[in-house]
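As structure tokens, the structure follows; a few thoughts come after it.
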Amino acid sequence: MAKNEFALAFNEVLEEKQLAKDVVISAIESAMISAYRRAVSASTAQHVEAKLDPDTGIVTVYAEKEVVEDSVVDDRTEVLLEVARKVNPEAQIGDMVVVETTPADFGRVAAQTARQVIQQRIREAERSNQMQYFERQVGEIVSGLVQTSNAQSTTIGLDMKAEGVMPNNQKIPGERLKLHDRIRAVVMEVKDGTRGPQIVLSRAHRNFLRRLLENEVPEIYHGIVEIRAIAREPGARAKVAVSATQAGIDPVGACVGIKGVRIQAIVKELHDEKIDIIQWDQDPIIYISKAISPARVNGVYLVDAEGSRTATVVVGEDQLSLAIGRDGQNARLAAKLTGWRIDIKSLSEASSDSLKKLLHNADLAALIPAAVESIPQIQEILAKKAESRPLTPEEYTALGQFVDRVERRTIQIKEEAARVEEERTTAARAEVPAAAFNMPLEQAGLKEHIFNILTEAGFETVGSLLFALKTDANKVLGLAGIGSKAMQNIEEVVAALTFAELEPEPVKMEEATIAPVAEVVAEPVKAEEAPVEKKQPEASAKRDAKNVVEDEEHAKDGVALDELFKMKPEIFQNAGLVEEESSDKKKGKKGKKKAVELQFDEGLGAVVGRKIHKRGDSATDNDWE
């Protein structure tokens, strides 16, 4: 093949397969290596290389061979020294050298044997490119032609000769796709399959509507208008909440376009799906009122209880069916869009409910005297409505005002009760020691069956149990297996617990003269490891020692002064109870040492120190101080 012919064919392959040049060259070279090994029966352990000239199409094969001196026994693995030195002038006998070893007429043989390998390598590279490309397209819109359609899915031909599958549940209901129709869809998922990437498409997902809006509305694409939320029932209706990020921009008008041209293009793409564009608002009352559109709202009353957010929406009699929608569709989409549970009531129904609240709740009635005065009028209007007689606009206004007074006051009462409950809970938690929340329940000493019941109920620490007992003891009493005796056992065990030792305060050893034993002994220090660098004033030292020795309360509590003496002997030395070592001993000479023994004298009611002077072998010659 001439130079130009090969180059043209090579470039045609690149364009047709949409592959990189180096990928195709690498595939051909790899195939030529396989063809060489098969042609000469070369070992797979031998290093073989192949080089392709993309201009001429000539393939050159190089193999690693051993250098020999005289004769070549196997030309597949051996090469003469003089030939090897043409490649590597420093080659020696026994070295391994990579030399050219292209067989005669290799181009024709390679074309015969390597064709299938080349096709396989190109196919693998093609699949890899497809996989990488469509993985980047997840969440984006792609365009393709309908190839086949059956009861389960529709196959769509995409770019790079890839095929996408759109399951029937991801199609727009009622939409009929014909063969060779060009459609758009959003890429939902890309999976690696044995026969190439499996691309899952969708036209029913809300992200398809989001991407269509970005394509049709430049303000959304550039971030001037932001899509806050989308609620969609494919093929029927969708609601989109938008807001402007810059002042002076009408987000709804930008999405609708002049005479609705922008939104109409999207509606046509979605098989005449109705789309409501509403303006997002930070105030949930305004936001919910707009989400119920096209119905007009008389009032929105929110109850944001723990774990449940409910909005009661009151509409006029003529707006009730519009607010609810066909099969509750409008209310359902509004709830998805706002994140609130929406309860829609007509004005007369809401007035009847408010009237019942007022009649059965004396506390509420006491707070709204104006509403109580209007009860006869409201009852008369409701009776008139029950008889299907027409109401005047003034009567509708009176109903609306009555509902508004009662519902607003009811919400205020609930909020106040929630605030009081929160304060009570906070106060109850403050009464429980912080250390109790760090003590595992198993350390409380409860009976085994009671401990098991509490653990299964979620009580892990003593603090959580104490908090439950203080806020609502019935939470514990109501557990299966917990009766009055079990509650008595729990209360007795909890009352006997102390938590002070779980929160020790740091105590300096110099201040340990009147500290409890547990704090003094907590950090044992040997006398020889605690040298005194700075001597205390004599008066202060004697006063500290006197507090230690003569404090009757701590002596009777069993303070281990001998332990304290071991830890801080300088206190007793400065007080004159124990003499320091002589200066001669400090210089290395032996000196006399006086010992002291501390004992509690019941007659004196104080701790006394006894100096022991050894005089000969007499054990009874002791001095008392």
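No lab work stands behind these numbers, since they all come straight from the coordinates. Computed from a predicted model, the values in this text were never measured in an experiment. Cβ: placed from backbone, ideal geometry, glycine included. Neighbour counts: every protein chain shown.
Structure summary
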| quantity | calculated |
| --- | --- |
| Scaled radius of gyration (Cα, divided by 2.2 N^0.38 Å) that the stretch 432-501 gives | 0.99 |
| Where only alpha carbons of the stretch 213-361 are counted, the Rg and the Dmax (Å) | 17.0, 57 |
| Backbone HN-Hα couplings from phi across the stretch 411-423 [Karplus 6.51/-1.76/1.60, Hz, Gly and Pro as x] | 5, 4, 5, 5, 5, 5, 5, 5, 5, 5, 5, 5, 5 |
| The stretch 222-298: Rg to Rh, with Rh as the Kirkwood radius over Cα pairs | 0.97 |
| Links that overshoot a 23 Å alpha carbon limit, given the list 239/345; 356/385; 447/485; 51/86; 21/51; 51/191 | 51/191 |
| Peptides 89-100, 309-320 ordered by average Cβ neighbours within 10 Å, highest first | 309-320, 89-100 |
| Cα gyration tensor, the stretch 27-77 - rounded (a/c under 1.5), prolate or oblate | prolate |
| Residue-by-residue Karplus 3J(HN,Hα) for the stretch 460-474, coefficients 6.51, -1.76, 1.60, Hz, glycine and proline x | 9, 10, 5, x, 5, 5, 4, 5, 5, 5, 7, 7, 7, 5, 5 |
| About the Cα centre, charge dipole magnitude for the stretch 137-204 (Lys/Arg +1, Asp/Glu -1 at Cβ), debye | 200 debye |
| Length added when fully stretched, residue 169-residue 375, from 0.36 nm per residue minus Cα-Cα | 68.8 nm |
| Neighbour net charge for residue 247 - beta-carbon separation under 15 angstrom, K R +1, D E -1 | -3 |
| Cα-Cα separations in the stretch 137-204 greater than 17 Å, expressed as whole percent | 32 percent |
| Residue 430/residue 456 FRET efficiency (R0 25 Å; Cβ-Cβ; nearest 0.05) | 0.35 |
